[in-house]
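Enquirer: One structure is given below, represented as structure tokens, and several questions about it will come after.
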Amino acid sequence: MSRPLAVVILAAGQGKRMKSGLVKVLHELGGRPMLAYSIDVARAQEPERLVVVIGRDSERVEAAFTGRATFVLQAERKGTGHAVLQARDALAGFSGDVLILYGDTPLLRAETLARMRAEKARRGVDVLILSAMEPLPGRIVRDAQGRVQRIVETTDATPEELRIPEGNTGTYLVDAEFLWKALGQVDPDNAQGEIYLTDIVGIAVREGRGIEAIPLDDADEALGINSRAELARAAAVLRRRTAARVMDEGVTLVDPDATYLDWDVQIGRDTVIEPGCVIQGATRIGERCWIKAHTVIESSTLGDDVVLGPSAHLRPDVRLGTGVRIGNFVEVKNSTLGEGVKADHLSYIGDADVGAGASFGCGSVVVNYDGVNKNRTSVEEKAFVGCNANLIAPVTIEANAFVAAGSTITERVPKDSLGVARARQKNVEGWRLRPGKQKQPKPGKHGKE
């Protein structure tokens, strides 16, 4: 059986290569800060204690994950071994295994960590290393019998050691008692003058401790993020995983590589997503929906049988009822639309509550902002808003009312009524025949006006 577990996540790096005013572990990946993934896979192991070691912008990082872990500060950056030592007081009295993870290595799967725990228990070793057949910053050096001897950093490696194919991911599962004892013996006699966590491997070998390394099945899990290019690469991996998940759940992605889904998006079966769509945040989409090409959805909820797009935009906090139809170049923001509402083209609906069966004509606009405040509009059941009509919030269009095309509505339109707010048309007979009005416009370069 697996032993009691504590997890230490190292997240104190400066992130200099990101060249950013934002601390690295708060850069978003799939709609979430990258540190969220390491915390989630750690929590999936149900550890007795979870400690995150932070450095730069520590208050901001801690605030982003309040209540999800214990945070300790690494005030000085003296290497990975020094960072782990900062968690020692927080793990006082703990007896069992310590799992060491990283805030900038967000692609590890919970299943991989569960396999590490099972393998360590089965083999009865003191140190289990997760490796990968990738050219990572550290190489795992084995003897002629294939036993792990040490880990050498690339900055200290010989040319022969640099040719070793097995890389060190930096993820370790270590007996707690041995971990603290070994870190107390590490000498910072290296090119960087740092306390390397990797040196505990050589110490374990000298003491005759059990030590083993097991390779990843998927090398993508070892991807660490130190630059914008690596952030983009990791984001692509997450999108592929998300696409695979939703397709396994019965969703059709016409072109998975051209569909951008955030990690927390949930989509019901038999929904079809066309290419070029961007679906962000904790969006929830019902069954049998049709999301047409180049539509953007931000943190919204869609019922079943919704048709959306092409080129529609749902801004945050939109709730669409069953059978709603939102067409091309329609934007909806912070609004609730009841069952069967239609807005087929070129409209804006902001801060509105719309009853079932209501309809918006082409070019209709809910004018929600008066230059100081955002105000809400109520459009009740089966109301009809004509083309190019403006609803000046706050205003109510009651049930089954009709707003005439071209109207600018500033007052309540009662139930079953017609609201008209536009100047009467006036025709000036013979106007073009008056002196000075008969001059024709000159043709353009191509014979056009």
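Enquirer: Two-decimal Rg/Rh of segment 5-222 from alpha-carbon positions, Kirkwood Rh?
Expert: 0.94
Enquirer: Taking the Cβ of Ala312 as the center, what net charge do the other residues with Cβ under 13 Å away carry, scoring Lys and Arg +1 and Asp and Glu -1?
Expert: Once positives and negatives cancel, what remains is +1.
Enquirer: Just round it to a whole percent: the fraction of Cα-Cα distances in segment 10-126 exceeding 26 Å.
Expert: In whole percent, the long-distance tail amounts to 19.
Enquirer: Taking Cα centroids, how far is segment 324-388 from segment 3-47 in Å?
Expert: When both Cα centres are located, 40 Å separates them.
Enquirer: What is the ratio of the Cα radius of gyration of segment 269-360 to 2.2 N^0.38 Å, with N the residue count, to two decimals?
Expert: Compactness ratio reported: 0.91.
Enquirer: Tally the DSSP beta bridges in segment 25-165 and give the antiparallel ones as a percent, rounded to 5.
Expert: 65 percent
Enquirer: Measure of size requested: the Rg and Dmax of the chain, with Cα atoms as the atom set and Å as the unit; please supply both.
Expert: Using the Cα atoms of the chain, the pair Rg, Dmax is 30.7, 110 Å.
Enquirer: What translational diffusion coefficient, in µm²/s and rounded to a whole number, does the Stokes-Einstein relation yield for segment 248-304 at 20 °C and a viscosity of 1.002 mPa s, taking the hydrodynamic radius as the Kirkwood radius over Cα pairs?
Expert: 197 µm²/s
Enquirer: Rounded to the nearest 500, what is the chain's calculated 222 nm mean residue ellipticity when only DSSP H runs of at least 4 contribute -39500 (n - 2.57) each, over all residues?
Expert: Value at 222 nm, helices only, nearest 500: -5000 deg cm²/dmol.
Enquirer: Could you give the alpha-carbon Rg of segment 201-293 over 2.2 N^0.38 Å, rounded to two decimals?
Expert: For segment 201-293, the normalised Cα radius of gyration is 1.56.
Enquirer: Then there is this: Please report, to two decimal places, log10 I(q)/I(0) for segment 216-375 at q = 0.14, 0.19 Å⁻¹ as given by the Debye formula with identical point scatterers on the Cα atoms and no solvent.
Expert: For the requested q values the scattering log ratios are -0.70, -1.09.
Enquirer: Using the number of other C-beta atoms within 10 angstrom as an exposure proxy, rank Ser2, Ser58, Ser347 with the fewest first.
Expert: By the 10 Å Cβ count, ascending: Ser2, Ser58, Ser347.
Enquirer: Oh, and also: Evaluate Rg over Rh across segment 340-422, taking Cα atoms for both radii and Kirkwood's formula for Rh.
Expert: 0.92
Enquirer: A further question on this structure: Please arrange Met18, Met116, Met34 by counting, for each residue, the other beta carbons lying within 10 Å of its beta carbon, fewest first.
Expert: Met18, Met116, Met34
Laboratory data are not the source of any read-out in this text; all were calculated from the coordinates shown. Nothing here was measured: the structure is a model prediction, and the numbers come from that model. For neighbour counting, all protein chains shown are included, and Cβ atoms are generated from backbone atoms with ideal geometry for every residue, glycine included.
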